[in-house]
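Derivation of every value follows stated rules applied to the coordinates shown; laboratory data play no part. Bear in mind that the values here come from a model prediction, so they are computed numbers and not experimental data. Glycine gets a Cβ as well: all are built from the backbone with ideal geometry, and neighbour counts include every protein chain shown.
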Amino acid sequence: MSSRKDIIKVKQKGNRSKEEGILMPVISKRAAGIAPSVTLAITAKAKQMKKEGIDIVGFGAGEPDFDTPDNIKEAAKKAIDEGFTKYTPASGIPELKQAVCDKLKRENNLDYKLSEVIISCGGKHSLYNIMEVLLDHGDEAILPAPYWVTYEEQIKMAGAKPMIVDMTETGLKLTAESIKRVISDRTKLLILNTPSNPTGMTVEEEELKKIAHLAVEHDFYIVSDEVYEHLIYGDNSHISIASLGEDIKKKTITMNAVSKTYSMTGWRIGYCAGPEEIIKAMSNLQSHSTSNPCSIAQKAALEALNGPQEFLAQWRKEFDERRKYMVEKLNQMKGINCIEPEGAFYAFPDISGTGLKSMEFTEMLLDEAKVAVVPGKDFGADNNIRLSYAISMENIKKGLERLEKFCESLSG
């Protein structure tokens, strides 16, 4: 006879099927299939070293180091004082949707109705909703690499297959020709991220037109992630692919957020505009998962979109100065080659000249030089590392000096 202790052990290991009397796993296959980030161990180690008083220079920041502008914070305080702390419509308040429509018209030459816009709990949540309502088991999603780590996992969570397009052969630039090679009758969507995280590269208008033609011709959707649109440097510019004609607009879901542009990463407000049928499906999904985004953050986002925008030029200028300095210094280091990023706030140097892959390089760099960077392995590029220049110039100089000495030690 089984003891109570034995029964407890069985329950801890899994659940027994009533029909077959066999032990079933506790965790679903869907959840168990989500790959943990290989960067987590590095990040945790760097944080622990800092707690121990070790001077670590961290280049991992995925958010601006500037504070949220005061007018946006004041709008949030006013919302609290006025009692705007209850539920809102699940897909967002109408006035914020209207502000999104106005923004898209003003800045992106795009016309949308309120029914074609949804407000979600951050850009990542917006993307999750898109993948869940568009992708089915057996579908294929084209994913240019290097890519932001979450794209691949969200595609797989939806039951679809990521079809990787390697951009290392084209100078980290996405081309229609490379996309064409992986299109099949199962292709449902393409993820377009310009400017890109992690590479900082953009896609020019002529290439966007070719990509748009492919989407219309082969009947697949474009998921256009434009969160870094205001962080573009030099002669480069941002063009929303949906603005290139009505045919491609019908095949595009434009995603954005207030996080990077307004330094509001913690406020968690993202938004999408696209075909009404898709937006309605996303709203239904959201109503049964998160319900509405934070009411107070929505009021803050409303002020962000409608309020003064002059500060953006100064932020961009400071990022640009850091960008130029970082790229110049990286390209002076032994075994390092860095293409100049055109946008966002990341450099993505190739470290293959050091003879190390990204994880080994990253671990050694942290242990020996006390510098934390993000390995490119999670981004689909194991010969690269990612450095953010969304940190002070003082720390950039100190960290790059340590990195240079580390690279010299590898060749010595």
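Taking amide H atoms as placed 1.01 Å from N in the peptide plane, the amide H of residue 257 lies under 5 Å from those of 271, each 5 or more residues away in sequence or on another chain.
Counting every other Cβ atom within 10 Å of each residue's Cβ, 388, 37, 28, 411 order from fewest to most as 28, 411, 37, 388. If the elastic network links every pair of Cα atoms under 10 Å, which of 365, 127, 387 fluctuates the most in the Gaussian network model of the chain? Top of the fluctuation ranking is 365. Between 278, 352, 364, the Cα set farthest toward the positive side of the dipole of the chain (charges on each charged residue's Cβ, about the Cα centre) is that of 364.
Based on Cα atoms of region 294-343, Rg over Rh with Rh as the Kirkwood radius reads 1.27. Here the contact order of the chain, divided by its residue count and restricted to Cα pairs under 8 Å and six or more residues apart, works out to 22 percent. Is it possible to state the helix-based mean residue ellipticity at 222 nm for the chain, with each DSSP H run of 4+ residues giving -39500 (n - 2.57), the sum divided by total residues, to the nearest 500 deg cm²/dmol? What is it? Value at 222 nm, helices only, nearest 500: -13000 deg cm²/dmol. How far is it, in nm, from the label point at residue 280 to the one at residue 43 when both lie 7 Å from their Cα along the line to the Cβ? Simple spin-label model gives 3.8 nm for this pair. Normalising the Debye intensity of region 86-214 to I(0), with uniform scatterers on Cα atoms only, and taking log10 at q = 0.12, 0.16, 0.17 Å⁻¹ returns -0.56, -0.95, -1.05.
For region 55-71, 3J(HN,Hα) computed residue by residue from phi via the Karplus equation (6.51, -1.76, 1.60; θ = phi - 60°) reads 6, 9, 9, x, 9, x, 4, x, 8, x, 8, 7, 7, 4, x, 4, 4 Hz, glycine and proline entered as x.
Across region 72-306, the mean sequence separation of Cα contacts (distance under 8 Å, 6 or more residues apart), normalised by length, yields a relative contact order of 30 percent. Taking θ as phi - 60° and the Karplus parameters 6.51, -1.76 and 1.60, the scalar couplings of region 90-95 work out to 4, 8, x, 6, x, 5 Hz in sequence order, x denoting glycine and proline.
Can you give the percent of C-alpha pairs in region 263-412 whose distance is more than 20 Å? So the portion of pairs separated by more than 20 Å is 61 percent. Pairs with C-alpha atoms separated by more than 20 Å, drawn from the list 173/405; 47/329; 324/397; 113/251; 105/249, are 173/405; 47/329. Derived scalar couplings between HN and Hα for region 338-346 equal 10, 6, 5, x, 9, x, 6, 9, 10 Hz in order, rounded to whole Hz, by the Karplus curve 6.51 cos²θ - 1.76 cosθ + 1.60 (θ = phi - 60°), x for Gly and Pro. Counting Cα-Cα pairs of region 72-306 in 10 Å increments starting at 0 gives whole-percent bin shares of 8, 34, 37, 17, 4, 0. Structure remark: mean-square fluctuation, Gaussian network model of the chain, C-alpha springs under 10 Å; the largest value among 61, 347, 35 belongs to 35. Charge dipole of region 72-306 (Cα centre as origin; +1 on each Lys and Arg Cβ, -1 on each Asp and Glu Cβ, all else neutral): 680 debye, rounded to the nearest 20. Using a Gaussian network model of the chain in which every pair of alpha carbons under 10 angstrom is joined by a spring, one finds that among 355, 376, 270 the greatest mean-square fluctuation is at 355. When the P(r) is computed for region 33-157, the part past 21 Å accounts for 65% of the Cα-Cα pairs. Here's how it looks for residue 346: its modeled amide H is under 5 Å from those of 389, which are all 5 or more places away or on a different chain.
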